[in-house]
Amino acid sequence: MTTPMPALFISHGAPTIAIETDDFTRAVDAYGATLTGARAIAIVSAHWQAHDVRVNAVAHPEMIYDFGGFPEALYRIRYKAPGDPTLAREIASLLGGAALEEQRGWDHGLWVPLRIALPGANVPIVEIAQPSPTTPEQLMSIGRALAPLRDRGVAIIGSGGIVHNLRAIHMPDKNAQVDDWARDFDTWVAKQLDDRDFATLTRYRDLAPHVAEAVPTPEHFEPIFVTAGAARTTDTLTT
């Protein structure tokens, strides 16, 4: 039996990780080596939201530098992995007839982590928009619809961040001590994942500690529900 491709959630951090080397980028690079058998990637990023479910069907998407005030080197990066229009059409069908996007490029929530994980840029990628507004349950249903692709060599990725509060970030010192509120929220999320208690996780707004500080807006946290929806009881959880 062929081993299914993983369903994973990855932080894409600040755009600068694309030009840095640290413990995080080394970990992403090492994990990427386990994806060498992937036929394609299907990814939901925090940085593409749409009023309806949309699927990028562009064969060779352009780069989107959806950030400002960063080093010039970031704006010269090119990540030339191809799209996969055929897979995009299949995904659109799996998602109940989602609209195809024929012009959009790739946001940094896609190319920053994948450039580190798959630097060879030889694995086709299809991006799916987060519907906005949405619910955790709707995002889990997207993951469940995508899950069968794992048996056909397609890795399912949610790209965002467990904690994302730009007003509270220690930008000058990325090695600063973790704030208690951020640690408490992260610990709570980790417990729900360890317990496979996705039902409780979907109620994070009501149940998680310090949620207003950790998730002031949902778009970075909630791609985790696509990953959860694509997970199986036989999967091994790795953090």
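If I take every Cα pair under 8 Å that is 6 or more residues apart in the chain, average their sequence separation and divide by the length, what percent do I get for the relative contact order?
Result for the chain is 32 percent.
Rolling a 1.4 angstrom probe over the protein chains, ignoring ligands and nucleic acids, what is the accessible area of THR236 in square angstrom, nearest 10?
About 120 Å², ignoring ligands and nucleic acids.
Looking at the chain, I'd like the Rg to Rh ratio, where Rg is from alpha-carbon atoms and Rh is Kirkwood's inverse mean 1/r.
Values: Rg = 17.0 Å, Rh = 18.1 Å.
Looking at the chain, the ratio lands at 0.94.
Going by accessible area, probe 1.4 Å, with all protein chains left in place, what is the ranking of TYR79, TYR31, largest first? All intermediate terms of the calculation are to be shown ahead of the outcome.
Details: TYR79 10, TYR31 85 Å².
Heavy-atom accessible area, descending, gives TYR31, TYR79.
Considering only protein heavy atoms, what is the solvent-accessible area of GLU222 at a probe of 1.4 Å, reported in Å² to the nearest 10?
10
Rounded to the nearest 20 Debye, what is the dipole magnitude of region 74-126 about its Cα centre when Lys and Arg each give +1 and Asp and Glu each give -1 at the C-beta?
Numbers: 6 positive and 5 negative charges, 65 e Å.
Its charge dipole is roughly 320 debye.
Once you order the gyration tensor axes a ≥ b ≥ c over the Cα atoms, which shape class does region 1-48 get: rounded for a/c under 1.5, otherwise prolate or oblate by comparing a/b with b/c? Mind showing how you got there, number by number?
On the way: a/c = 2.80, a/b = 1.49, b/c = 1.87.
Oblate.
Tell me, what is the 1.4 Å probe accessible area of TRP181, in Å² to the nearest 10?
So the heavy atoms of TRP181 present about 50 Å² to solvent.
Where does each of HIS51, HIS210, HIS12 land when they are ordered by accessible area, with a 1.4 Å probe and the largest first? Intermediate values should be presented prior to the final figure.
Details: HIS51 175, HIS210 80, HIS12 5 Å².
Largest accessible area first, the list is HIS51, HIS210, HIS12.
Given 0.36 nm per residue, what is the gain on full extension from SER141 to PHE24 after removing their alpha carbon distance, in nm?
Numbers: separation 117, 0.36 × 117 = 42.12 nm, distance 2.98 nm.
Net length gain for the segment: 39.1 nm.
Using the Karplus equation 6.51 cos²θ - 1.76 cosθ + 1.60 (θ = phi - 60°), what ³J(HN,Hα) coupling, rounded to whole Hz, does each residue of region 85-95 give in order, writing x for Gly and Pro?
My calculation for region 85-95 gives x, 5, 5, 4, 5, 5, 4, 4, 5, 4, 8 Hz in order.
Report the dimensions of region 162-239 along its three principal axes from the alpha-carbon atoms, largest first, rounded to Å.
That gives 41, 25, 19 Å along the principal axes, largest extent first.
Cα extents of region 101-181 along the three principal axes, largest first, in whole Å?
Extents along the principal axes, in whole Å: 42, 35, 28.
Need one word for region 131-176: rounded, prolate or oblate. Basis is the Cα gyration tensor (sqrt eigenvalues a ≥ b ≥ c); a/c below 1.5 gives rounded, then a/b vs b/c decides.
Numbers: a/c = 4.97, a/b = 1.93, b/c = 2.57.
Oblate, since a/c reaches 1.5 and b/c is not below a/b.
Using a 1.4 Å probe, what is the accessible area per residue for the chain, in Å²? Don't skip to the end; give the middle numbers.
Details: 11610 Å² over 239 residues.
It amounts to 49 Å² per residue over the chain.
The values are calculated or read from the model by the stated rules, or taken from the named source; none is laboratory data. Keep in mind that this is a model prediction, so the values were computed, not measured. Because the Cβ atoms are built from the backbone with ideal geometry, glycine has one as well, and the counts that use them run over all protein chains shown. In case anyone asks, the SASA skips ligands and DNA or RNA and just uses the protein heavy atoms, side chains included. Shrake-Rupley method; radii C 1.70, N 1.55, O 1.52, S 1.80 Å.
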